[in-house]
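> A single structure is presented below for examination.
The values are calculated or read from the model by the stated rules, or taken from the named source; none is laboratory data. Keep in mind it's a predicted model, so treat the numbers as computed, not measured. We place every Cβ from the backbone using ideal geometry, glycine too, and count neighbours over all the protein chains shown. Ligands, DNA and RNA are stripped out before the accessible areas are found, and what is left, the full protein with its side chains, is counted by its heavy atoms. Shrake-Rupley method; radii C 1.70, N 1.55, O 1.52, S 1.80 Å.
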Amino acid sequence: MAKIRILVSLTTNDNDYQIEQAQSAEQAASKLGVTAEILYANNDAINQSTQILRAIQAAPAERPNAIVFEPVGGTALPQVARAAAAVEIGWAVLNRDANYIEDLRKDSTAAIFAISSDHAEIGRIQGRQFAALLPRGGTVLYIQGPSENSAAKERTVGMQETKPANIQIIALRGQWTEESAQRAVRSWLKLTTSQKATVDLIGAQDDSMAMGARKAFQEIADQQEQKRWLSLPFTGCDGQPETGEKWVREGLLAATVYIPPFAGKAIEILANAIKSGTQPPEHALTAPYSIPPLETLARRKS
(Lines give C-alpha, C1' and ligand atoms only; values in the text may rest on other atoms or scores of the structure.)
Protein backbone atom coordinates (compact mmCIF):
# COMPACT_ATOMS: atom_id res chain seq x y z
CA MET A 1 0.00 0.00 0.00
CA ALA A 2 1.33 3.45 -0.92
CA LYS A 3 2.13 5.82 1.94
CA ILE A 4 -1.01 7.54 3.21
CA ARG A 5 -1.08 11.29 2.52
CA ILE A 6 -3.21 13.61 4.66
CA LEU A 7 -3.80 17.31 4.11
CA VAL A 8 -4.28 19.33 7.32
CA SER A 9 -5.97 22.73 6.91
CA LEU A 10 -5.79 25.01 9.96
CA THR A 11 -7.12 28.51 10.46
CA THR A 12 -3.97 30.52 11.20
CA ASN A 13 -0.37 30.18 12.35
CA ASP A 14 -0.86 33.18 14.66
CA ASN A 15 -2.66 31.31 17.43
CA ASP A 16 -1.12 29.10 20.12
CA TYR A 17 -3.83 26.44 19.88
CA GLN A 18 -3.53 26.16 16.09
CA ILE A 19 0.23 25.77 16.49
CA GLU A 20 -0.41 22.95 18.97
CA GLN A 21 -2.86 21.40 16.50
CA ALA A 22 -0.11 21.43 13.87
CA GLN A 23 2.40 19.84 16.24
CA SER A 24 -0.17 17.24 17.22
CA ALA A 25 -0.69 16.39 13.54
CA GLU A 26 3.03 16.19 12.82
CA GLN A 27 3.68 13.94 15.80
CA ALA A 28 0.85 11.58 14.89
CA ALA A 29 1.94 11.42 11.25
CA SER A 30 5.52 10.60 12.25
CA LYS A 31 4.37 7.91 14.68
CA LEU A 32 2.01 6.32 12.16
CA GLY A 33 4.32 6.58 9.14
CA VAL A 34 1.96 8.77 7.12
CA THR A 35 2.62 12.07 5.36
CA ALA A 36 0.90 15.20 6.71
CA GLU A 37 0.93 18.43 4.70
CA ILE A 38 -0.14 21.40 6.85
CA LEU A 39 -1.70 24.51 5.31
CA TYR A 40 -2.85 27.69 7.06
CA ALA A 41 -5.81 29.70 5.78
CA ASN A 42 -4.77 33.03 7.36
CA ASN A 43 -8.26 33.33 8.89
CA ASP A 44 -9.77 33.57 5.40
CA ALA A 45 -12.60 31.15 4.60
CA ILE A 46 -12.32 31.70 0.84
CA ASN A 47 -8.60 31.05 0.97
CA GLN A 48 -9.21 27.88 2.96
CA SER A 49 -11.83 26.65 0.50
CA THR A 50 -9.52 27.37 -2.45
CA GLN A 51 -6.56 25.59 -0.86
CA ILE A 52 -8.58 22.46 -0.14
CA LEU A 53 -10.35 22.40 -3.52
CA ARG A 54 -6.99 22.67 -5.28
CA ALA A 55 -5.87 19.48 -3.52
CA ILE A 56 -9.16 17.67 -4.27
CA GLN A 57 -9.07 18.61 -7.95
CA ALA A 58 -5.45 17.58 -8.47
CA ALA A 59 -4.55 14.59 -10.60
CA PRO A 60 -5.53 11.34 -8.84
CA ALA A 61 -1.92 10.43 -8.08
CA GLU A 62 -1.38 13.79 -6.37
CA ARG A 63 -4.54 13.91 -4.28
CA PRO A 64 -4.39 13.36 -0.51
CA ASN A 65 -6.04 10.25 0.88
CA ALA A 66 -7.80 12.35 3.47
CA ILE A 67 -8.29 15.93 4.67
CA VAL A 68 -8.35 17.17 8.24
CA PHE A 69 -9.59 20.72 8.61
CA GLU A 70 -10.64 23.29 11.18
CA PRO A 71 -13.11 25.70 9.55
CA VAL A 72 -12.42 29.42 9.47
CA GLY A 73 -15.88 30.70 8.62
CA GLY A 74 -19.43 30.07 9.72
CA THR A 75 -19.82 26.84 7.77
CA ALA A 76 -17.81 23.65 7.55
CA LEU A 77 -17.53 23.99 3.75
CA PRO A 78 -20.32 21.56 2.77
CA GLN A 79 -19.71 21.86 -1.00
CA VAL A 80 -16.01 21.21 -0.57
CA ALA A 81 -16.82 18.24 1.67
CA ARG A 82 -19.07 16.80 -1.05
CA ALA A 83 -16.32 17.26 -3.62
CA ALA A 84 -13.92 15.32 -1.39
CA ALA A 85 -16.43 12.54 -0.73
CA ALA A 86 -17.18 12.24 -4.46
CA VAL A 87 -13.59 11.19 -5.12
CA GLU A 88 -13.38 9.05 -1.95
CA ILE A 89 -11.11 11.39 0.01
CA GLY A 90 -11.51 11.02 3.77
CA TRP A 91 -12.84 14.08 5.61
CA ALA A 92 -12.38 15.00 9.28
CA VAL A 93 -13.86 18.23 10.65
CA LEU A 94 -12.27 19.73 13.76
CA ASN A 95 -14.09 21.86 16.32
CA ARG A 96 -17.31 22.23 14.38
CA ASP A 97 -20.68 20.47 14.25
CA ALA A 98 -21.04 19.78 10.52
CA ASN A 99 -24.65 18.73 9.89
CA TYR A 100 -23.85 17.25 6.46
CA ILE A 101 -21.68 14.42 7.78
CA GLU A 102 -24.50 11.91 8.25
CA ASP A 103 -25.62 12.28 4.63
CA LEU A 104 -22.10 12.09 3.21
CA ARG A 105 -21.41 8.87 5.10
CA LYS A 106 -24.41 7.25 3.41
CA ASP A 107 -23.06 7.88 -0.09
CA SER A 108 -19.29 7.50 0.31
CA THR A 109 -16.97 4.73 1.45
CA ALA A 110 -14.41 7.33 2.59
CA ALA A 111 -13.89 7.91 6.32
CA ILE A 112 -15.99 10.97 7.23
CA PHE A 113 -16.42 12.24 10.79
CA ALA A 114 -16.11 15.20 13.17
CA ILE A 115 -14.06 15.53 16.32
CA SER A 116 -14.45 18.48 18.65
CA SER A 117 -14.18 19.88 22.13
CA ASP A 118 -17.42 20.44 24.00
CA HIS A 119 -17.52 24.20 23.43
CA ALA A 120 -20.60 24.77 25.56
CA GLU A 121 -18.79 23.05 28.45
CA ILE A 122 -15.72 25.21 27.82
CA GLY A 123 -17.98 28.24 28.24
CA ARG A 124 -19.57 26.76 31.38
CA ILE A 125 -16.14 26.26 32.92
CA GLN A 126 -15.18 29.82 32.10
CA GLY A 127 -18.42 31.10 33.64
CA ARG A 128 -17.58 29.17 36.83
CA GLN A 129 -14.08 30.67 36.77
CA PHE A 130 -15.65 34.15 36.62
CA ALA A 131 -17.80 33.25 39.63
CA ALA A 132 -14.78 31.99 41.60
CA LEU A 133 -12.67 35.04 40.75
CA LEU A 134 -15.48 37.55 41.40
CA PRO A 135 -17.31 36.11 44.44
CA ARG A 136 -19.04 39.46 45.07
CA GLY A 137 -19.92 39.97 41.40
CA GLY A 138 -18.64 42.60 38.99
CA THR A 139 -18.10 43.28 35.30
CA VAL A 140 -16.16 41.17 32.80
CA LEU A 141 -14.68 42.57 29.59
CA TYR A 142 -15.31 39.48 27.47
CA ILE A 143 -13.42 38.99 24.19
CA GLN A 144 -15.23 36.53 21.94
CA GLY A 145 -14.22 34.80 18.74
CA PRO A 146 -15.74 35.71 15.34
CA SER A 147 -19.51 36.27 15.34
CA GLU A 148 -20.14 33.59 12.68
CA ASN A 149 -18.03 30.95 14.44
CA SER A 150 -20.07 28.21 16.13
CA ALA A 151 -17.38 27.50 18.73
CA ALA A 152 -17.46 31.16 19.81
CA LYS A 153 -21.27 31.11 19.96
CA GLU A 154 -21.38 27.90 22.01
CA ARG A 155 -18.74 29.14 24.43
CA THR A 156 -20.74 32.32 25.00
CA VAL A 157 -23.95 30.37 25.60
CA GLY A 158 -22.17 28.06 28.05
CA MET A 159 -20.61 30.99 29.91
CA GLN A 160 -23.99 32.70 30.25
CA GLU A 161 -25.44 29.49 31.72
CA THR A 162 -23.04 29.38 34.66
CA LYS A 163 -22.01 32.95 35.42
CA PRO A 164 -23.90 34.42 38.39
CA ALA A 165 -26.52 37.10 37.76
CA ASN A 166 -24.35 39.65 39.60
CA ILE A 167 -21.63 39.40 36.95
CA GLN A 168 -22.19 41.67 33.95
CA ILE A 169 -20.60 41.19 30.51
CA ILE A 170 -19.14 43.77 28.13
CA ALA A 171 -18.52 41.87 24.90
CA LEU A 172 -15.86 42.59 22.27
CA ARG A 173 -14.97 40.61 19.14
CA GLY A 174 -11.63 39.14 18.10
CA GLN A 175 -10.42 36.69 15.45
CA TRP A 176 -8.71 34.09 17.68
CA THR A 177 -5.41 36.01 17.45
CA GLU A 178 -3.42 38.18 19.83
CA GLU A 179 -3.31 41.06 17.35
CA SER A 180 -7.08 41.08 16.76
CA ALA A 181 -7.81 41.26 20.50
CA GLN A 182 -5.21 43.98 20.95
CA ARG A 183 -6.95 46.04 18.24
CA ALA A 184 -10.41 45.40 19.71
CA VAL A 185 -9.42 46.48 23.21
CA ARG A 186 -7.42 49.44 21.89
CA SER A 187 -10.51 50.64 19.99
CA TRP A 188 -12.78 50.08 22.99
CA LEU A 189 -10.50 52.12 25.23
CA LYS A 190 -11.00 55.12 22.92
CA LEU A 191 -14.77 55.11 23.49
CA THR A 192 -16.27 57.48 26.03
CA THR A 193 -18.28 54.57 27.44
CA SER A 194 -15.08 52.73 28.35
CA GLN A 195 -13.95 55.67 30.48
CA LYS A 196 -17.10 55.27 32.58
CA ALA A 197 -16.98 51.47 32.79
CA THR A 198 -15.77 49.71 35.93
CA VAL A 199 -14.24 46.42 34.81
CA ASP A 200 -13.19 43.75 37.32
CA LEU A 201 -11.90 40.95 35.07
CA ILE A 202 -10.75 40.41 31.48
CA GLY A 203 -12.04 37.15 30.01
CA ALA A 204 -11.18 35.91 26.52
CA GLN A 205 -12.34 32.89 24.56
CA ASP A 206 -8.74 31.91 23.92
CA ASP A 207 -5.39 32.56 25.57
CA SER A 208 -3.83 34.44 22.68
CA MET A 209 -6.68 36.98 22.75
CA ALA A 210 -6.24 37.37 26.52
CA MET A 211 -2.58 38.21 25.93
CA GLY A 212 -3.54 40.61 23.14
CA ALA A 213 -5.77 42.42 25.63
CA ARG A 214 -2.85 42.69 28.05
CA LYS A 215 -0.76 44.27 25.27
CA ALA A 216 -3.47 46.86 24.63
CA PHE A 217 -3.49 47.86 28.30
CA GLN A 218 0.31 48.06 28.31
CA GLU A 219 -0.01 50.83 25.70
CA ILE A 220 -1.86 53.15 28.11
CA ALA A 221 0.32 56.22 28.70
CA ASP A 222 -0.98 56.99 32.19
CA GLN A 223 1.15 54.68 34.37
CA GLN A 224 -1.34 54.55 37.22
CA GLU A 225 -4.20 53.69 34.84
CA GLN A 226 -2.06 51.09 33.06
CA LYS A 227 -1.15 49.48 36.37
CA ARG A 228 -4.81 49.36 37.40
CA TRP A 229 -5.83 47.50 34.23
CA LEU A 230 -2.89 45.09 34.34
CA SER A 231 -3.61 44.25 37.98
CA LEU A 232 -7.01 42.77 37.05
CA PRO A 233 -7.36 38.99 36.61
CA PHE A 234 -7.15 37.80 33.00
CA THR A 235 -8.56 34.47 31.84
CA GLY A 236 -8.47 32.58 28.55
CA CYS A 237 -9.06 29.21 26.97
CA ASP A 238 -6.78 26.58 25.33
CA GLY A 239 -4.35 25.99 28.21
CA GLN A 240 -1.51 24.57 26.13
CA PRO A 241 1.63 23.66 28.12
CA GLU A 242 3.95 26.26 26.59
CA THR A 243 1.42 29.09 26.43
CA GLY A 244 -1.78 29.24 28.48
CA GLU A 245 -0.72 26.82 31.21
CA LYS A 246 2.67 28.52 31.45
CA TRP A 247 1.05 31.97 31.60
CA VAL A 248 -1.09 30.81 34.54
CA ARG A 249 2.05 29.64 36.35
CA GLU A 250 3.71 33.00 35.62
CA GLY A 251 0.69 34.98 36.84
CA LEU A 252 -0.08 36.56 33.46
CA LEU A 253 -3.38 34.67 33.43
CA ALA A 254 -5.46 33.94 36.52
CA ALA A 255 -7.02 30.90 34.82
CA THR A 256 -7.51 29.12 31.53
CA VAL A 257 -9.51 26.18 30.20
CA TYR A 258 -7.49 23.27 28.87
CA ILE A 259 -8.63 22.11 25.43
CA PRO A 260 -6.71 19.10 24.13
CA PRO A 261 -5.42 19.47 20.55
CA PHE A 262 -6.81 16.62 18.47
CA ALA A 263 -5.62 17.03 14.89
CA GLY A 264 -3.28 14.16 15.67
CA LYS A 265 -6.17 12.03 16.91
CA ALA A 266 -8.05 12.78 13.67
CA ILE A 267 -5.02 11.60 11.66
CA GLU A 268 -4.84 8.43 13.72
CA ILE A 269 -8.54 7.72 13.15
CA LEU A 270 -8.21 8.37 9.41
CA ALA A 271 -5.08 6.25 9.02
CA ASN A 272 -6.70 3.31 10.82
CA ALA A 273 -9.91 3.67 8.80
CA ILE A 274 -8.02 3.79 5.49
CA LYS A 275 -5.92 0.74 6.38
CA SER A 276 -8.88 -1.29 7.64
CA GLY A 277 -11.49 -0.05 5.17
CA THR A 278 -13.89 0.74 8.01
CA GLN A 279 -15.98 3.80 8.84
CA PRO A 280 -15.12 5.47 12.20
CA PRO A 281 -17.80 6.81 14.57
CA GLU A 282 -19.57 9.90 13.23
CA HIS A 283 -18.72 12.21 16.14
CA ALA A 284 -16.20 12.33 18.97
CA LEU A 285 -15.93 14.85 21.83
CA THR A 286 -12.94 15.68 24.02
CA ALA A 287 -13.30 16.90 27.61
CA PRO A 288 -11.98 20.33 28.72
CA TYR A 289 -11.03 21.23 32.29
CA SER A 290 -10.09 24.27 34.37
CA ILE A 291 -6.48 25.34 35.02
CA PRO A 292 -6.12 25.75 37.94
CA PRO A 293 -8.95 23.60 39.32
CA LEU A 294 -12.06 25.60 40.21
CA GLU A 295 -11.77 24.78 43.90
CA THR A 296 -8.23 26.22 43.91
CA LEU A 297 -9.49 29.46 42.33
CA ALA A 298 -12.29 29.71 44.88
CA ARG A 299 -9.85 29.23 47.80
CA ARG A 300 -7.57 31.96 46.44
CA LYS A 301 -10.40 34.51 46.41
CA SER A 302 -12.01 33.48 49.70
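> Do any helices (runs of 4 or more DSSP H) lying entirely in the range 202-270 carry at least 1 residues that are acidic (Asp, Glu) and closer than 17 Å to Ser290 by Cβ, and which ones are they?
Values: elements: 207-218, 223-230, 244-250.
Passing ranges, in order: 207-218, 244-250.
> Suppose we filter Leu252, Leu285 for residues that are of a type outside the set (D, E, K, R) and at pLDDT below 95; which single one remains? Full working, then the answer.
Working: Leu252 fails: at pLDDT below 95.
That would be Leu285, the only listed residue that is of a type outside the set (D, E, K, R) and at pLDDT below 95.
> Now, a different point. Are any residues in the range 15-39 charged (D, E, K, R) and either open to solvent by less than 20 Å² (accessible area, probe 1.4 Å) or within 12 Å of the chain's Cα centre (by Cα) (or both), and if so, which ones?
Restricting attention to the range 15-39, the residues satisfying the condition of being charged (D, E, K, R) are 16, 20, 26, 31, 37.
Asp16, Glu20 - these are the residues of the range 15-39 that are charged (D, E, K, R) and either open to solvent by less than 20 Å² (accessible area, probe 1.4 Å) or within 12 Å of the chain's Cα centre (by Cα) (or both).
> Identify, please: which residue in the range 40-69 is touching a helix residue (DSSP H, G or I) at 6+ places or on another chain (Cβ under 7 Å) and in a loop (DSSP other than H, G, I, E, B) and is, among those, nearest to Ala273 (Cα to Cα)? Explain how you work it out, then say what you get.
We begin by selecting, within the range 40-69, every residue touching a helix residue (DSSP H, G or I) at 6+ places or on another chain (Cβ under 7 Å); these are 41, 49, 52-53, 56, 63-69.
Right, trim to in a loop (DSSP other than H, G, I, E, B) and you get 41, 63-65.
Values: Ala41: 27, Arg63: 17, Pro64: 15, Asn65: 11 Å.
Ranking the candidates gives Asn65 first.
> Name the residue, out of Glu20, Glu26, Glu37, that is of a type in the set (Asp, Glu), farther than 22 Å from Cys237 by Cα and assigned to a helix (DSSP H, G or I). Can you show your working first?
On the way: Glu20 fails: farther than 22 Å from Cys237 by Cα; Glu37 fails: assigned to a helix (DSSP H, G or I).
Result of the check over Glu20, Glu26, Glu37: Glu26.
> Take the conditions within 19 Å of Gln18 (Cα to Cα), among the aliphatic types (A, V, I, L, M) and either open to solvent by 70 Å² or more (accessible area, probe 1.4 Å) or under 21 Å from the mean Cα position of the chain (by Cα) (or both) and apply them to Leu253. Does it pass? I'd like the intermediate steps shown before the answer.
Values: within 19 Å of Gln18 (Cα to Cα): no; among the aliphatic types (A, V, I, L, M): yes; either open to solvent by 70 Å² or more (accessible area, probe 1.4 Å) or under 21 Å from the mean Cα position of the chain (by Cα) (or both): yes.
Spelling it out, it is not the case that Leu253 is within 19 Å of Gln18 (Cα to Cα), among the aliphatic types (A, V, I, L, M) and either open to solvent by 70 Å² or more (accessible area, probe 1.4 Å) or under 21 Å from the mean Cα position of the chain (by Cα) (or both).
> Continuing with this model, one more query. Which one is surrounded by the most Cβ atoms within 10 Å (Cβ to Cβ), of the residues in the range 93-103 that are in contact (Cβ under 8 Å) with a residue 40 or more places away in the chain and over 21 Å from Asn65 (Cβ atoms)? I'd like the intermediate steps shown before the answer.
Taking the range 93-103 as the starting set, the residues that turn out to be in contact (Cβ under 8 Å) with a residue 40 or more places away in the chain are 94-97, 101-102.
Keeping just the survivors that are over 21 Å from Asn65 (Cβ atoms) gives 95-97, 102.
Details: Asn95: 23, Arg96: 21, Asp97: 14, Glu102: 11.
So the residue we want is Asn95.
> In addition: From the residues in the range 50-92 that are open to solvent by less than 20 Å² (accessible area, probe 1.4 Å) and in contact with a Lys or Arg (Cβ under 6 Å, 6 or more places away or on another chain), which one is nearest to Phe113 (Cα to Cα)?
Checked the range 50-92; the qualifying residue nearest to Phe113 (Cα to Cα) is Ala76.
> If I filter the range 104-142 down to residues being polar (S, T, N, Q) and open to solvent by 20 Å² or more (accessible area, probe 1.4 Å), which single residue comes out as farthest from Val157 (Cα to Cα)?
Of the range 104-142, the ones polar (S, T, N, Q) are 108-109, 116-117, 126, 129, 139.
Those left that are additionally open to solvent by 20 Å² or more (accessible area, probe 1.4 Å): 109, 139.
Details: Thr109: 36, Thr139: 17 Å.
Residue satisfying both the conditions and the ranking: Thr109.
> Somewhere in the range 220-231, is a residue under 20 Å from Phe130 (Cα atoms) and within 25 Å of the chain's Cα centre (by Cα)? Quick ask: steps written out before the conclusion?
At the first step, the residues of the range 220-231 found to be under 20 Å from Phe130 (Cα atoms) are 228-231.
Keeping just the survivors that are within 25 Å of the chain's Cα centre (by Cα) gives 230.
Yes: one or more hits.
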